[in-house]
Every structure is written in C-alpha cells, then in structure tokens.
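Here is the structure we will look at.
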Amino acid sequence: MKRLIHFPLIFFLFHMPFKSFSQEFEQAYVPIGLDGITLILPMDVYPSKPIYFSVKNTSTHDFVAWSSTSTADYYQVEAYINGEWHLVSNKVIGTSASFRVDSSREYRIRSCHKYGCSEWQLNNNKVSDELKINAFYTDKSTLKKGESTLLRWSVMGAATVEIRNSEGYTFSPLNPVSGRITIRPQRSSTFYITASGFSGEKKRLK
C-alpha cells in the first residue's frame with residue numbers, strides 16, 4: 001500500500017527507557033535555561049495519528065489500510081472483541097494489514113515511535129465498492145503563471161488516494177472518497193491521481 005511538535009526553542013532530546021502499554025519506550029528530555037541554570041525536564045513526544053483509516057470486510061478476512069505518518073516508525077492495530085479492545089498487531093512496518101474474520105469487524109490504529117504512541121484513530125472509511133476513479137478535474141481549463149485553481153476528485157472503493165505533479169511533488173494524505181486542493185502551478189504541469197484499493201490501484205492524469 002501507498003506513502004509536528006512546535007517548540008519555540010532549539011532543543012536536544014535525551015532519553016531513558018520506561019515501561020508503557022506493556023512495552024518499553026524511551027523518555028524524551030529537553031534542556032531549559034532559567035537564570036543561568038540549565039534544567040533537564042521530561043517532555044512528551046508523540047507521533048501524529050493516521051488521518052485516514054480504511055477497512056474492507058470479506059467473508060474470510062478483514063483488510064485494513066491507513067494514510068502514512070511521517071513521524072511514525074511503526075503502527076499498532078486493535079480489534080473490538082466481546083466488548084473490549086484487543087491488540088491484534090503490535091508492530092506493523094507499512095500501511096496495511098489483514099486479519100482472519102473473528103467476532104470483531106471494528107478496528108482502530110495508532111502511530112508509534114521510540115518515545116510512545118499517538119491517540120487511536122477509528123475506522124473512518126468503510127470500503128465495499130469496486131475501485132473506480134469517478135472524476136478528476138480542475139475548475140479552470142487554462143491558467144496563467146501563478147494563478148490558482150481547485151483540483152477535485154471523486155473515487156469509489158479506495159483505501160488511499162495520492163496526487164502528484166510532473167515535477168515530483170506529492171499531495172498526501174488525501175481523503176480517499178472525495179475532496180479538493182488548491183494548486184498554483186508556476187509552470188506547465190501534469191497532475192496524476194493514484195487511487196489504491198485492497199486489490200490493486202488505478203491512475204489517471206489531468
């Protein structure tokens with residue numbers, strides 16, 4: 001499958017291990033200058049959670065996929081079974097997974113790195129249709145240099161959507177169903193959309 005904390009001072013991270021969520025993470029620290037004295041204080045540093053989390057249910061398996069998070073090293077997935085959340089995948093390196101059908105068809109995901117994990121993201125895109133790009137267009141047929149326009153898309157059956165231009169710039173993560181972004185090309189450009197489902201992907205250019 002397809003690809004902050006803002007702090008007003010320049011800081012350095014120190015760490016020491018600690019136990020959390022039944023696994024070992026490291027504690028981040030930040031030096032703070034106060035009246036000529038440098039204090040080393042603990043600091044919470046968590047990755048961003050995935051924005052989009054897609055699930056497709058079949059008769060034998062549940063397939064899950066999510067938008068990548070640049071601050072994450074890996075992901076954890078939990079399933080809702082018998083009224084409780086249970087960890088079903090502890091360390092996914094990538095942006096997709098599959099599970100045999102059990103008593104659960106609900107899942108949630110979070111991003112993790114060495115300092116801890118993000119908040120949980122519940123499924124917000126239930127996939128059931130066949131993969132199809134319905135529309136990919138701009139509001140204007142021609143543009144002057146530096147002029148802006150909206151680039152819109154409508155997709156069915158996708159787990160993730162990515163748009164890039166001919167210069168190599170990528171817009172991601174994007175809503176896997178429909179959405180719009182403002183573009184302001186500085187030169188003649190071609191835009192490509194890639195809609196990825198659980199059994200392949202489709203592309204179209206504008």
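The values are calculated or read from the model by the stated rules, or taken from the named source; none is laboratory data. Since the structure is predicted, the reported quantities are computational estimates derived from the model, not experimental observations. Backbone-built Cβ (ideal geometry, glycine too); neighbour counts: all protein chains shown. Each accessible area value is taken on the protein alone, full model and side chains, heavy atoms only, with ligands, DNA and RNA left out. Shrake-Rupley method; radii C 1.70, N 1.55, O 1.52, S 1.80 Å.
Listed values, structure above:
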| quantity | calculated |
| --- | --- |
| Residues with amide H under 5 Å from that of Arg110, placed H, sequence gap 5 or more | Gln76, Gln121 |
| Sulfur and carbon atoms: percent of accessible area, segment 82-206 [1.4 Å] | 43 percent |
| Difference of contour (0.36 nm per residue) and Cα-Cα distance, Ser189 to Glu26 | 54.2 nm |
| Net length gained if the chain between Asn82 and Ser148 were fully extended (0.36 nm per residue, minus Cα distance) | 18.6 nm |
| Cα gyration tensor shape for segment 108-147, rounded if a/c is under 1.5, else prolate or oblate | oblate |
| Hypothetical label at Ser178: residues of segment 147-165 whose amide nitrogen lies under 11 Å (7 Å Cα-Cβ projection) | 153-156 |
| Karplus-derived 3J(HN,Hα), 6.51/-1.76/1.60, for each residue of segment 172-179, Hz, glycine and proline x | 6, x, 10, 4, x, 10, 6, x |
| Where labels lie 7 Å past Cα in the beta-carbon direction, separation of Ile51 and Glu130 in nm | 3.0 nm |
| Theoretical FRET efficiency, 1/(1+(r/R0)^6), r = Cβ-Cβ of Thr60 and Ile93, R0 25 Å, to 0.05 | 0.55 |
| Where segment 129-188 is the region considered: accessible area per residue in Å², 1.4 Å probe | 58 Å² |
